[in-house]
1. Among the residues of the range 114-163, how many are touching a helix residue (DSSP H, G or I) at 6+ places or on another chain (Cβ under 9 Å), under 28 Å from A97 (Cβ atoms) and of a type in the set (A, V, I, L, M, F, W, C)?
2. Given A150, A159, A138, which one is aliphatic (A, V, I, L, M), at pLDDT 95 or above and within 20 Å of N83 (Cβ to Cβ)?
3. Being outside any strand (DSSP E or B), over 30 Å from T11 (Cα atoms) and modelled with pLDDT of 95 or more narrows it down to one of A79, A92, so name that one.
4. Would you please list the contacts, defined by Cβ atoms under 6 Å and residues six or more apart or on different chains, that run from a residue in the range 83-99 that is without any contact (Cβ under 8 Å) to a residue 40 or more places away in the chain to a residue that is of a type in the set (D, E) and outside any strand (DSSP E or B)?
5. Take the residues in the range 92-102 that are in contact with a strand residue (DSSP E or B) (Cβ under 8 Å, 6 or more places away or on another chain) and open to solvent by 20 Å² or more (accessible area, probe 1.4 Å); name whichever of them is nearest to D19 (Cα to Cα).
6. Take the conditions surrounded by 13 or more Cβ atoms within 10 Å (Cβ to Cβ) and either on the phi > 0 side of the Ramachandran plot or β-branched (V, I, T) (or both) and apply them to D89. Does it pass?
7. Return the total of residues in the range 116-156 being exposed (fewer than 15 other Cβ atoms within 10 Å of the Cβ), assigned to a loop (DSSP other than H, G, I, E, B) and either free of Cβ contacts under 8 Å to residues at least 40 places away in the same chain or among the charged types (D, E, K, R) (or both).
8. All but one of (1) surrounded by 14 or more Cβ atoms within 10 Å (Cβ to Cβ); (2) out of contact with any Ser or Thr (no Cβ under 8 Å at 6 or more places or on another chain); (3) closer than 20 Å to V23 by Cβ hold for D72; which doesn't?
Amino acid sequence: MGSVNQTLTATQLHEVTTDKQGVLGQIARTADGRIYRYAKNGGTALAAGATVEAGAAPAHSSTTKDGAKVGDGMLTLAAGPSNPDVYEDGIALVDKAQYLVDGLTKSGVVSLSDHLDAPFAKGTAVKINQNQFCDVKAGATKVIGTAEVAVPANAYFWAFVSA
């Protein structure tokens, strides 16, 4: 996975892959200061130069199937989402705390990048918000950047965000 303070070369910022190379939304810069954010395209290919807008999946809300203790890195929801892929690198809100989602299944198993720092009881409300850099598409409603190269469906790429 890439570093938050990563400096990208021209070759790296134009690389498109189906293998994840970083956390969605992470920031990288070129040597001259241009800023890029790591993104994952949705189900439709993007043309080079396309204006890219944020993913638009609604938050997934459920409750926990079991309680959890400090240090746990997984939790199970009473109901999982029908399309867990759109919540890749999303944020799970659990009892007012936020955790980066490392993985999510249709059955509601959530793995967290960080371990829980507080216990919670069975039936605790959980809301998972989509990472805005996941499942992006061409559009101009909620613009998050530009695809400088053609990007196939479901591929990872660096979106240009600022000069």
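1. Count: 2.
2. Details: A150 fails: within 20 Å of N83 (Cβ to Cβ); A159 fails: within 20 Å of N83 (Cβ to Cβ).
Matching residue, one of A150, A159, A138: A138.
3. Details: A92 fails: outside any strand (DSSP E or B).
None of the others qualify; the one that does is A79.
4. Y99/D114
5. Step one: list which residues in the range 92-102 are in contact with a strand residue (DSSP E or B) (Cβ under 8 Å, 6 or more places away or on another chain), which gives 92-95, 98-102.
Add one more test, that the residue is open to solvent by 20 Å² or more (accessible area, probe 1.4 Å), and what stays is 93, 95, 98, 100, 102.
Details: L93: 27, D95: 33, Q98: 26, L100: 19, D102: 15 Å.
The selected residue is D102.
6. Details: surrounded by 13 or more Cβ atoms within 10 Å (Cβ to Cβ): yes; either on the phi > 0 side of the Ramachandran plot or β-branched (V, I, T) (or both): yes.
Answer is yes for this residue.
7. Of the residues in the range 116-156, 3 are exposed (fewer than 15 other Cβ atoms within 10 Å of the Cβ), assigned to a loop (DSSP other than H, G, I, E, B) and either free of Cβ contacts under 8 Å to residues at least 40 places away in the same chain or among the charged types (D, E, K, R) (or both).
8. Evaluating D72 over (1) surrounded by 14 or more Cβ atoms within 10 Å (Cβ to Cβ); (2) out of contact with any Ser or Thr (no Cβ under 8 Å at 6 or more places or on another chain); (3) closer than 20 Å to V23 by Cβ leaves (3) as the failure.
The values are calculated or read from the model by the stated rules, or taken from the named source; none is laboratory data. Keep in mind that this is a model prediction, so the values were computed, not measured. FYI the Cβ positions are ideal-geometry reconstructions off the backbone, even for glycines, and counts take in every protein chain you see. To get the accessible areas, we keep the full protein, side chains included, count just its heavy atoms, and leave off ligands, DNA and RNA. Shrake-Rupley method; radii C 1.70, N 1.55, O 1.52, S 1.80 Å.
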